[in-house]
Structure formats: C-alpha cells, structure tokens
Amino acid sequence: MGSLFRSEEMSLCQLFLQSEAAYACVSELGELGLVQFRDLNPDVNAFQRKFVNEVRRCDEMERKLRYLEKEIKKDGIPMLDTGESPEAPQPREMIDLEATFEKLENELREVNQNAEALKRNYLELTELKHILRKTQVFFDEVSGVW
C-alpha cells in the first residue's frame with residue numbers, strides 16, 4: 001500500500017466517471033486514502049459546481065456531529081474511539097443519517113433548554129424560600145413584642 005509522502009512514486013491520472021458511479025468510486029478511493037484530487041475548474045464558482053448541495057448537506061451533518069460531541073464531552077460521558085474512520089455511507093443512507101442527526105440535535109437542544117429552565121426555577125424558588133424564612137423570623141419577633 002502506498003502513501004502520500006513526497007518521496008513516494010506517484011502518477012498523475014485523469015478519471016472520467018459516469019455521474020451515477022461517481023459517488024461510489026470517489027468514496028472507495030477516499031477510503032483507501034491514497035488519492036489527492038486536483039481541481040480542474042478553479043475559476044468555477046463554488047455555487048455553480050455540480051454536487052454543491054450534497055457538500056452542504058455533509059457540512060451541516062458534520063456541524064451537528066460536532067455539536068453532539070461537544071455536549072457529550074461537556075457532560076463527561078465517555079465515548080468509544082475505535083480509531084477507525086467509518087465507511088462512506090450510501091446516498092440513501094445519508095437521508096436516514098441526516099434525519100437521525102437532526103432529531104438528536106433537536107432533542108438535545110430541548111433537553112438543555114429544559115435543564116436551564118429548571119435551574120432558573122430552582123434558584124428562584126430557593127430565593128423565595130429564604131425570603132419566607134426571613135420574613136417568618138421578622139413576624140415572630142414582631143408578634144412577640146405585642
């Protein structure tokens with residue numbers, strides 16, 4: 001198996017792929033980790049590229065995963081790190097992953113909001129309890145004077 005070191009012998013190749021097979025081919029090459037892609041259309045705007053929507057969807061899923069990871073670490077929950085990168089999912093699996101990540105993110109945000117609301121309520125009620133205790137002492141002292 002080769003590597004991408006500068007001293008490693010390399011070949012410059014140009015691949016012509018059918019649109020239907022492009023995802024499977026590129027994901028397989030990416031999993032091998034032995035390919036570097038060159039942009040043959042550097043003057044084309046990023047928004048005019050063919051798979052820009054898919055890249056945006058992947059970026060959004062990555063953002064959601066980073067958020068979930070940050071929250072997991074914040075709560076000190078241990079995570080299993082296998083050290084391996086998972087295989088690239090098939091396009092039909094991407095839809096399920098997107099829905100799952102969306103659901104998890106929404107649930108976690110809701111849990112965080114509920115936890116904050118509970119904390120605020122607890123602090124407010126604790127404050128009111130202390131006020132009632134102090135006023136009770138005051139009224140006991142005042143009623144003892146009469």
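The values are calculated or read from the model by the stated rules, or taken from the named source; none is laboratory data. As the structure is a prediction and not an experimental result, all values here were calculated from the model. Don't worry about glycine lacking a Cβ; one is built from the backbone with ideal geometry, like all the others, and counts go over all protein chains shown.
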### Query
Is the stretch 51-73 home to any residue that is surrounded by 13 or more Cβ atoms within 10 Å (Cβ to Cβ) and part of a loop (DSSP other than H, G, I, E, B)?
yes
## Note on the structure
Taking the stretch 32-53 and keeping only residues that are at pLDDT below 85 and acidic (Asp, Glu), one is left with 39
### Members of the stretch 47-85 that are under 14 Å from the mean Cα position of the chain (by Cα) and either of a type in the set (Lys, Arg) or on the phi > 0 side of the Ramachandran plot (or both)
56, 57, 63, 64, 66, 70, 73, 74
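State yes or no: is residue 11 over 26 Å from residue 97 (Cα atoms), loosely packed, with under 10 Cβ neighbours inside 10 Å and at pLDDT below 80?
Taking the combined requirement at face value, the residue does not satisfy it.
When the residues of the stretch 13-37 are narrowed to those that are in a loop (DSSP other than H, G, I, E, B) and among the hydrophobic types (A, V, I, L, M, F, W, C), which ends up nearest to residue 91 (Cα to Cα)?
Taking the stretch 13-37 and keeping what is in a loop (DSSP other than H, G, I, E, B), we get 13-18, 33-37.
The next check asks that each one be among the hydrophobic types (A, V, I, L, M, F, W, C); those that pass are 13, 15-17, 34-35, 37.
Values: 13: 26, 15: 21, 16: 20, 17: 17, 34: 23, 35: 21, 37: 21 Å.
Among residues in the stretch 13-37 that are in a loop (DSSP other than H, G, I, E, B) and among the hydrophobic types (A, V, I, L, M, F, W, C), the one nearest to residue 91 (Cα to Cα) is 17.
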